[in-house]
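A.B. asks: I'd like to ask you about the structure that follows.
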Amino acid sequence: MMCSPTLSEEQQRELARNLTYFLSTYKHISDSFIIEFFSEDLWATLPTRWQQILCDLSPPQIADLLLDRLNMNRSYSCVWPLSLLAFRATAHALTFPRTPQGKRRHEVGMLKPEEFLENKSQSSLLGHIFRKHVKPKKQHEIRSLGTLVKQLCDLTDCSSVVDVGSGQGHLTRFLSFGLGLSVTGIEADPTLVSMASKYDGQLLWTLEKERQRNNGPPISRSGPSPCHVAGWVNPKASWKDFVKQTEAGQGPYVHPFCQESSSTEVVCPVEEEQECPDLILTGLHACGDLSATLLRHFASCPHVRGITSVACCYMKITTSENPNPPGLIAPPLSPLPTSEASHSEFGYPMSSWVQGLPGHQLSYKAREGACHAIEDYMHRLREESGLLRMHCYRATLETVIREAKPELRRPGVQAIKKAHLLPFTEYARLGLPRVGLPPDLPLDTCRVGAMLRQEGRVVVYFSLALLLAPVVETLVLLDRMLYLQEKGIKSQLVPLFDPALSPRNLVLMALKQPTRDKETECTLP
């Protein structure tokens, strides 16, 4: 199973041109908020013939006829208009494949990959010492991505890895203790850094206990203890400043576990004042602009030989139209100094080619929609889950809110536990106080009932928008590939994770010229 072939530069540009044209044509769908289904009369914005065809579809039919790109045996009860067929076919054709290589079609949409068939919470492919405190989704990701990072290290003769946005250090531990790499994890949240060090100590303690139980030799593990650095990666800083951050955890370092036990002192692998070694950069679901920042450092820093980038939170990407999107991690009070001209580029678009295309702009809503899990929603549709009614509930409540308080538009209503099991009147009673309205606000029961009876239409419209979500994600990731191409670096986009378990499953992988005569292909885990 080899990595997918790289698109040529001309193929990448042509795909970007088609993506921007298609998305700009249907931006009225991708930019719409489903909670405004009634207040903005979204159903009326669809072509009349579309309305006639789609209004009677059952949830399983929506999954089979609209969302499932792998379904080749569609059965129609009536003739669909060519415009709707073209919309669906184009959305599927322009989207990067999300099915991991080697995964059979009938397995797509399963809630758990094969490694969880024996135990739904424990991966059979990951050692038990790396599963503690780790949810199944993360177990699946760290094993697959860690194996890929190790292959890139072998191809480039690198033994050092920097894991940015390392969180509690689950990937960092697997790379270091499991795969023998020298790893520095950088995480903005000091609390998570402390937890990472604590979990490192627990892993060493487990190994020591097993040794004592088996009367074995001293602790044996593949690699040194990782270094954990608390730091915010400044997108406006130079790559030299970034390298200084990676060195912040280097030099003699006693692991907290070792301070509390009689075990051998654990020291980070790089001595003080040693030159920065060549390294591989990785980021597992690096949020917002962080993924773009890592790609810029990879392209400009001579020490970074390869990168694996798994993005998330596209709505937090900065753009010229939306330079300060909500939800971004606040920078520290004293930002890192820069030693050269700051990089003020936005998170999208990164490439000059996409920036020059008419209609390339992506709204906050379109990018937020790109984070939705289409495989999970298809499962809900096929199971006809009660959760499907929640969009209709919220859209109905939005109409009630606006009629009572017109200045309120899309106010945040915190999730109500098991709301799909409640009658709407109870849902409204719990939700209205959260936006400053009385819980006993009178409801027009006839009008509310008429809206609730349109649940099927709400689900269909949401599915149309969801069909565009992978298209938006494809454009964002293709823009990053084009950016690297403009820097003279070829890249590949690999569907590495099971999309039903890990919706952001596409890994952008790139290498600079290898240091030895090896094939630059890699076998996917």
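The values are calculated or read from the model by the stated rules, or taken from the named source; none is laboratory data. Fair warning: this is a prediction, and the values are worked out from it, not measured in the lab. Cβ coordinates were reconstructed from backbone atoms using ideal geometry, including for glycine residues, and neighbour counts include every protein chain displayed. All accessible areas refer to the heavy atoms of the entire protein, side chains included, with ligands and DNA or RNA removed. Shrake-Rupley method; radii C 1.70, N 1.55, O 1.52, S 1.80 Å.
A.B. asks: Report the percentage of all Cα-Cα pairs in segment 439-507 whose separation exceeds 19 Å, rounded to a whole percent.
C.D. replies: 61
A.B. asks: Ranked from the most accessible area to the least, with a 1.4 Å probe and all protein chains present, what is the order of ASP154, ASP479, ASP68?
C.D. replies: So the residues, ranked largest to smallest area, are ASP154, ASP68, ASP479.
A.B. asks: Can you give the extra length, in nm with one decimal, that the chain gains between LYS244 and ASP376 once fully stretched, where that is 0.36 nm per residue apart less the Cα-Cα distance?
C.D. replies: 43.4 nm
A.B. asks: Taking a point 7 angstrom from the Cα of LEU422 along the C-beta vector, which residues in segment 6-44 have backbone N less than 14 Å away?
C.D. replies: none
A.B. asks: When the label point is put 7 Å from the Cα of GLU486 along its Cα-to-beta-carbon vector, which residues of segment 353-392 have a backbone N closer than 16 Å?
C.D. replies: Output list for this probe position: 353-362.
A.B. asks: Between GLU14 and LYS198, with labels modelled 7 Å along Cα→Cβ, what's the label distance in nm to one decimal, could you check?
C.D. replies: For GLU14 paired with LYS198, the spin-label model returns 5.5 nm.
A.B. asks: In square angstrom, rounded to the nearest 10, how much accessible surface does PHE96 have for a 1.4 Å probe?
C.D. replies: Rounded to the nearest 10, that gives 30 Å².
A.B. asks: Okay, moving on. Describe numerically, in nm with one decimal, the distance between label points set 7 Å from Cα along Cα→Cβ at ASP154 and at ARG447.
C.D. replies: Each label point is offset 7 Å from its Cα along the Cβ direction, giving 6.6 nm.
A.B. asks: Shifting gears a bit: Could you tell me the largest-minus-smallest coordinate of the C-alpha atoms of segment 340-416 on each of the three principal axes, in descending order and whole angstroms?
C.D. replies: Principal axes ranked by extent give 52, 38, 28 Å for the Cα atoms.
A.B. asks: Then there is this: Mind checking which lysines have their Cα closer than 27 Å to the Cα of LYS209? Skip sequence neighbours fewer than 8 apart in that chain.
C.D. replies: Once the sequence-local lysines are set aside, what remains near LYS209 is LYS120, LYS132, LYS135, LYS138, LYS198.
A.B. asks: While we're on this one: When the chain is fully extended, how far beyond the present Cα-Cα distance does GLU407 get from SER121, taking 0.36 nm per residue of separation?
C.D. replies: Roughly 98.3 nm would be gained on extension.
A.B. asks: What is the distance, in nm, between label points placed 7 Å from the Cα along the Cα-to-Cβ direction at SER352 and at HIS28?
C.D. replies: 3.7
A.B. asks: Another question, if that's okay. So for each of 191-197, 285-291 I average, over its residues, the number of other beta carbons within 10 Å; can you give me the resulting order with the highest mean first?
C.D. replies: With the highest mean Cβ count within 10 Å placed first, the list reads 285-291, 191-197.
A.B. asks: Highest first, please rank the peptides 370-380, 72-82 by the mean number of other Cβ atoms sitting within 10 Å of their residues.
C.D. replies: 370-380, 72-82
A.B. asks: What relative contact order, as a whole-number percentage, does segment 55-204 give when Cα pairs under 8 Å and 6 or more residues apart are counted?
C.D. replies: Answer for segment 55-204 is 13 percent.
A.B. asks: To continue, here is another question. Just to verify a number: what accessible area does GLU368 come out at with the full protein assembly present, 1.4 Å probe, Å² rounded to tens?
C.D. replies: Here the accessible area works out near 50 Å².
A.B. asks: Continuing with the same structure: Quote the accessible area belonging to TYR364 in square angstrom, nearest 10, computed with a 1.4 Å probe and with ligands, DNA and RNA left uncounted.
C.D. replies: Approximately 80 Å² for this residue.
A.B. asks: So how do SER83, SER502, SER182 rank on accessible area, 1.4 Å probe, biggest first, that is with the largest at the start?
C.D. replies: If we order SER83, SER502, SER182 from most to least accessible, we get SER83, SER182, SER502.
A.B. asks: Further, regarding this structure: At a Förster radius of 60 Å, what calculated FRET efficiency corresponds to the Cβ-Cβ distance of ASP41 and THR206, to the nearest 0.05?
C.D. replies: So, using R0 = 60 Å, E works out to roughly 0.50.
A.B. asks: Order 44-57, 138-151 from most to least packed using the mean count of other Cβ atoms within 10 Å.
C.D. replies: Ranking the peptides 44-57, 138-151 by packing returns 138-151, 44-57.
A.B. asks: If you don't mind, another one. Starting from the amide H of CYS287, placed 1.01 Å from N in the peptide plane, find each other amide H under 5 Å away whose residue is 5 or more places distant or on another chain.
C.D. replies: HN-HN under 5 Å from CYS287: empty list.
A.B. asks: HIS128 to LYS236: FRET efficiency via 1/(1 + (r/R0)^6), r the Cβ-Cβ distance, R0 56 Å, to the nearest 0.05?
C.D. replies: Result of the calculation: an efficiency of 0.85.
A.B. asks: Cross-link candidates for LYS240: which lysines have Cα within less than 26 Å, leaving aside residues fewer than 8 places away along the same chain?
C.D. replies: Partners found: LYS150, LYS316, LYS487, LYS490, LYS512.
A.B. asks: Please compute the length gained on full extension between LEU387 and ALA89, using 0.36 nm multiplied by the number of residues separating them and subtracting their Cα-Cα distance.
C.D. replies: Stretched out fully, the LEU387 to ALA89 stretch lengthens by 104.5 nm.
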